[in-house]
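All of the numbers you see were taken from the coordinates with simple rules; none came from a lab. All figures in this text were calculated on a predicted structure; none of them were measured in a lab. For neighbour counting, all protein chains shown are included, and Cβ atoms are generated from backbone atoms with ideal geometry for every residue, glycine included.
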Amino acid sequence: MKKIFYPIVSLIAVLGLAGCTDWLEQESLTKVSENVLTSSEGGIMQLVAKMYNITPMEDFRYRPNVGYHQYDWAGGAGDMQMVDMYTMYSCRSDGFGINFTTNHWSTYYTNIRQVNLFLETISKAEADGVISADAAKRYAAEGYFTRAYIYLSLARRYGGVPVIDRVQDGDYIPGGDGSELLVPRSTEKATWEFILADCDKAAAGLPASVTDYRATKWAALALKARAALYAASIAKYSDKYTMAGEAVSQGLVSMSASDANAFYEQCISACEQIINNSGKKLMGGNQADPAKAAEVYQNIFMHPESAGDEVIFSRAYLDGTVLWGQGHCMDIYFSPAQKNPGFHKYARWSVTADLVDLYEDYTDDGTGKSAPIKTRTDGNETSVFRNVNDNADVATTGFIEYDNVTDPFKDKDARLRASVITPGSTYAGQVITIQGGMIKTDGKPYIYQKTTEEVGGVTYHSYGGEAKAIDYSGFDGAGGDSDNCSITTTGFSVRKFLAEDNMPAGIQASSTTTWIDMRLAEVYLNYAEAVVESGKGDKTKAAQYLNDLRHRAAHQDDIPLTLENVLKERKVELFGEGQLYWDSMRRREMHEIWNSSSRHGIMPLLDLRSGSPKYVFVRINQKNDETSPRTFDQQSYYLSIPGRDVNKLVNNPGY
Amino acid sequence: MKKALLLAASVLFLLTSCKLDNYEGPNARVFGRILDAKTGELVGTDIQQGSQLMVYEQGYAAAETHSNGQTWVIQNTGEYRNNLVFAARYEVIFQNGNFYGFTDFMDVKTGDNEIDWKVTPYLRVKDCTIDKSGNTVTAKFKLEGGKGDETVSEVRLFAFSDIWVGNYVKFALTGGTDVQKPNEVVDPTKEYTLTIDVSQNSSFFKYTGKNYYFRVGAKASVPGAGTIRHNYSELKKIAF
């Protein structure tokens with residue numbers, strides 16, 4: 001008996017005593033615990049930084065088909081420009097579609113939980129006396145701002161979604177089936193109303209000015225205006241969305257046209273507060289000289305930190321070549337071939353002719369009409385040459401013969417030259433040569449082929465120069481594979497956002513140019529659109545804001561406030577800023593624009609038929625779109641909701 | 001004895017893990033046709049983004065609330081087939097297609113199940129002829145409405161290099177004579193004529209001695225019906 005008594009006693013003692021020490025509850029030495037983080041204001045600031053990090057901004061590091069914060073080249077800024085739809089990755093054809101179907105659902109909901117936990121932490125820290133009531137108010141407002149931003153991203157993609165406005169941990173009944181945690185989808189209308197309410201909560205607690213990149217009251221109101229305009233457009237154009245199904249009949253997607261005006265009014269009032277009270281103004285004011293106007297406009301995007309008067313909310317970057325995980329790839333990816341910083345993929349942003357044609361010229365008649373580039377003597381600028389290298393009509397069509405390759409673009413809106421590199425324009429001191437072929441003295445066109453002809457002792461090259469990427473930047477190798485297509489395929493390359501005066505090294509994540517997420521120009525345009533669509537607000541002021549933007553671009557006349565003018569102005573002013581794709585989505589234009597449609601280019605050809613060099617311009621299909629035109633199907637206005645076996649949500653129509 | 005017991009226990013323990021724990025695979029096949037309730041003809045659609053069956057297996061909460069189901073594609077011809085189905089009762093929803101939508105149930109038994117669906121197409125393409133003469137392909141046809149008061153929003157002559165020709169699988173033709181947007185209430189007496197100028201589209205019709213495929217598609221406009229897809233004539237093969 002004694003033989004086993006002692007071992008049993010000692011076993012009980014060891015097991016029992018083990019429970020009396022903390023050795024199972026040691027804190028990790030490599031992580032900061034929640035208690036430490038929430039017991040000082042410095043710790044709380046770490047959590048605030050996290051809020052800005054999870055704000056789903058569609059910035060230089062957003063890649064629609066991959067995710068947010070993609071900083072290296074594989075996930076870099078590769079598709080950022082696709083968001084704007086008038087432009088695209090030059091080298092790829094990417095099938096027949098034009099829509100982004102990647103699910104960011106779980107990212108959003110993970111982050112919504114982070115915000116809700118953050119809001120709880122803030123009120124606890126305030127109750128514990130760690131932070132003052134004023135500080136708590138601002139921090140909480142930053143939480144609401146982030147949450148509104150996440151729900152805006154969700155609603156744009158899925159329509160009405162489950163609204164989770166608190167931490168659900170206390171709801172769970174142990175041993176139950178967890179059904180108390182399942183929140184059904186709110187209607188699309190209720191979802192947008194929740195977003196606007198969060199924006200209001202944020203605006204109420206945020207300061208009017210900051211010296212860093214944190215959100216202000218004006219940022220919250222600008223977000224509200226953006227969201228309200230989105231919701232209003234969905235309601236107003238609901239009859240253009242014609243999918244049937246349970247989500248439609250329950251109001252989980254789409255809204256009624258009668259809901260539109262209430263949202264437009266919210267947009268108008270948010271814009272008015274910013275315009276009247278924020279002290280923001282357009283950088284540069286009215287301009288007289290187009291060249292100076294172009295400089296002013298380009299500088300806003302090249303040096304956003306010096307455009308604080310106009311910028312409302314932005315995100316800055318550290319140099320990723322020094323600090324791993326920071327920086328972005330704007331310059332290495334998108335600089336024109338002749339001035340690429342040296343990375344192996346470059347010149348990937350071929351701006352389409354569809355955008356270039358939208359800009360006005362300065363021979364204004366006060367109507368604000370777009371002035372498409374003139375290429376033909378018969379004025380038929382809607383005609384496009386299919387398979388241009390194989391098309392006999394090229395030799396017989398009456399083209400306008402220009403003496404200089406730059407002539408067709410010389411009188412166009414200053415914002416074109418500030419946003420787009422057109423053939424023959426200068427970038428960082430280098431003339432950018434873009435040419436798709438030549439018509440030789442015998443009258444025969446040579447397009448997409450490398451050839452030369454000597455006339456009067458001068459050798460002319462079909463691509464405008466001898467060596468690709470050294471002497472020329474266009475068309476050679478268009479449509480090739482991903483590593484072989486660093487060239488414009490449309491005749492145009494992007495200039496906006498590039499660090500033309502201070503090019504970084506050709507290493508991934510080397511760019512540090514600040515991303516402007518919201519600026520006064522968008523607020524002006526949101527106001528003008530809401531006024532013209534709803535008939536509410538002040539029409540005179542709306543017209544004035546519209547024309548203020550044009551006057552900054554050196555236009556001297558005034559144009560009337562019409563829907564057409566507002567939408568055109570939006571495209572040319574906000575090109576590349578991540579809004580145009582969502583504009584087409586909310587206005588239900590995607591399925592009309594992209595119905596077996598191709599993106600277009602304008603190809604300069606050297607014309608030697610007269611014996612002296614002239615230039616003609618041929619309208620073409622972007623090469624990849626020639627055989628695979630693009631179609632957007634209506635179901636893509638709302639993505640399929642993932643995880644329905646578990647979350648039991650009603651799916652969107654068509655899936 | 002103890003050893004034997006231990007051994008027996010060990011063997012039993014080991015053997016329990018030898019049982020196959022996979023479920024049975026699908027045991028039924030479902031196939032059939034989408035038929036025009038009035039004429040008994042097949043109602044053809046697009047192979048991509050065409051009409052489809054939305055199928056919900058009864059007995060599962062997620063399926064009964066329509067939060068999770070299956071989508072079965074209908075072929076160009078108007079036939080469908082799924083060879084990997086579990087025998088069960090299913091709810092079937094037709095919507096956003098080229099005929100008036102409805103909901104029904106089907107009982108799928110083990111083995112083959114032939115299930116045809118009688119539908120009312122939005123439009124019928126009648127008396128359709130598609131011929132090539134010289135460098136012109138001409139289609140002549142009339143239209144009839146499923147209920148009679150549909151609006152015709154588009155008629156189009158589709159061409160492609162294989163049988164999948166339709167609204168999503170087609171040559172992007174130049175010339176503009178292959179499509180009309182009448183926007184008028186369907187008139188059964190009206191004859192439409194659409195043409196394709198082959199010489200203007202020589203980059204598509206590249207080869208002689210090869211077959212090209214054509215279909216006439218007509219798209220209706222019916223308020224509140226959801227997305228409406230094209231109704232098609234029969235496929236026409238023409239050797240160039």
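Peptide packing for B:138-148, A:42-52 was compared via the average number of neighbouring C-beta atoms within 10 Å per residue; ordered from the highest value, the list is B:138-148, A:42-52. Note on B:F31 and A:K450: their simple-model spin labels are 5.4 nm apart, each label 7 Å out from Cα toward Cβ. The antiparallel fraction among DSSP beta bridges confined to the protein assembly as shown stands at about 85%. When only the Cβ of Lys, Arg, Asp and Glu is charged (+1, +1, -1, -1), the dipole of chain B relative to its Cα centre reaches about 680 debye. Rounding to the nearest 10 and keeping the result within 0 to 90°, find how far the Cα-based axis of helix A:2-18 lies from the longest principal axis of chain A. Once rounded, the angle reads 50 degrees. Counting neighbouring Cβ atoms within 10 Å and putting the fewest first, the residues A:R226, A:R157 line up as A:R157, A:R226.
Ordering B:A61, A:Y52, B:N135 by Cα displacement along the dipole of the protein assembly as shown toward the positive end leaves B:A61 in first place; charges were set at the Cβ atoms of Lys, Arg (+1) and Asp, Glu (-1). Partner lysines whose Cα lies under 16 Å from the Cα of B:K126, excluding those fewer than 8 positions away in the same chain, are identified as B:K38, B:K140, B:K142, B:K147, B:K190, B:K219, B:K236.
Evaluated with a Cβ-only charge set (Lys, Arg +1; Asp, Glu -1), the stretch B:38-153 carries a dipole of roughly 380 debye about its Cα centre, given to the nearest 20. With one equal scatterer per alpha carbon and no solvent term, the Debye-computed log10 I(q)/I(0) for the stretch B:123-239 at 0.17 1/Å reads -0.79. What residue among B:S161, B:Y192, B:A218 has its Cα farthest toward the positive end of the dipole of the stretch B:123-239, where the charges are +1 on Lys, Arg and -1 on Asp, Glu, each on the Cβ? Checked the options; the winner is B:S161. Across the options A:V394, A:S419, A:F409, the greatest Cα extent toward the positive end of the charge dipole of the stretch A:323-422 (unit charges at beta carbon of Lys, Arg, Asp, Glu) belongs to A:S419. Peptides B:121-132, A:351-362 ordered by packing proxy, namely the average of other Cβ atoms within 10 Å per residue, highest first: A:351-362, B:121-132. Angle of helix A:563-574 to the longest C-alpha principal axis of chain A, folded into 0 to 90 degrees and rounded to 10: 80°. Out of residues 5 or more away from B:N68 or on other chains, whose amide H comes under 5 Å of its own, with H placed 1.01 Å from N in the peptide plane? Hits under the 5 Å cutoff: B:A63.
Principal-axis analysis of the Cα atoms of chain B puts helix B:2-16 at an angle of about 10° to the longest axis. Ranked by the mean number of other Cβ atoms within 10 Å of their residues, highest first, the peptides A:168-176, A:181-189 come out as A:181-189, A:168-176. Averaged over the residues of A:501-508, the number of partner chain Cβ atoms lying within 10 Å of the residue Cβ comes to 0. Couplings 3J(HN,Hα) for the stretch A:54-62, derived from phi with the Karplus relation 6.51 cos²θ - 1.76 cosθ + 1.60 (θ = phi - 60°), are 8, 5, x, 6, 8, 9, 4, 9, 8 Hz, where x marks Gly and Pro.
Per-residue ellipticity at 222 nm from helix content only, as computed over chain B with -39500 (n - 2.57) for each DSSP H run of at least four residues, stands at -2500 deg cm²/dmol. Under a model in which nothing but the beta-carbon of Lys, Arg (+1) and Asp, Glu (-1) is charged, chain A shows a dipole of about 780 debye around its Cα centre.
Only helical runs count toward this figure. For chain A, summing -39,500 (n - 2.57) over DSSP H runs of n ≥ 4 and dividing by all residues gives -11000 deg cm²/dmol at 222 nm. Beta bridges per DSSP, both residues in the stretch B:28-119: antiparallel share near 75 percent. Taken residue by residue and averaged, Cβ atoms of other chains lying within 10 Å of the Cβ of B:95-101 number 3. If R0 is 25 Å, the Cβ-Cβ spacing of B:K118 and B:K237 corresponds to a FRET efficiency of close to 0.30.
Remark: mean inter-chain Cβ contacts per residue of A:648-655 equal 5, using a 10 Å Cβ-Cβ cutoff to other protein chain atoms.
Taking 0.36 nm per residue of separation and subtracting the current Cα-Cα distance, fully stretching the chain between A:E381 and A:E34 would add 118.5 nm.
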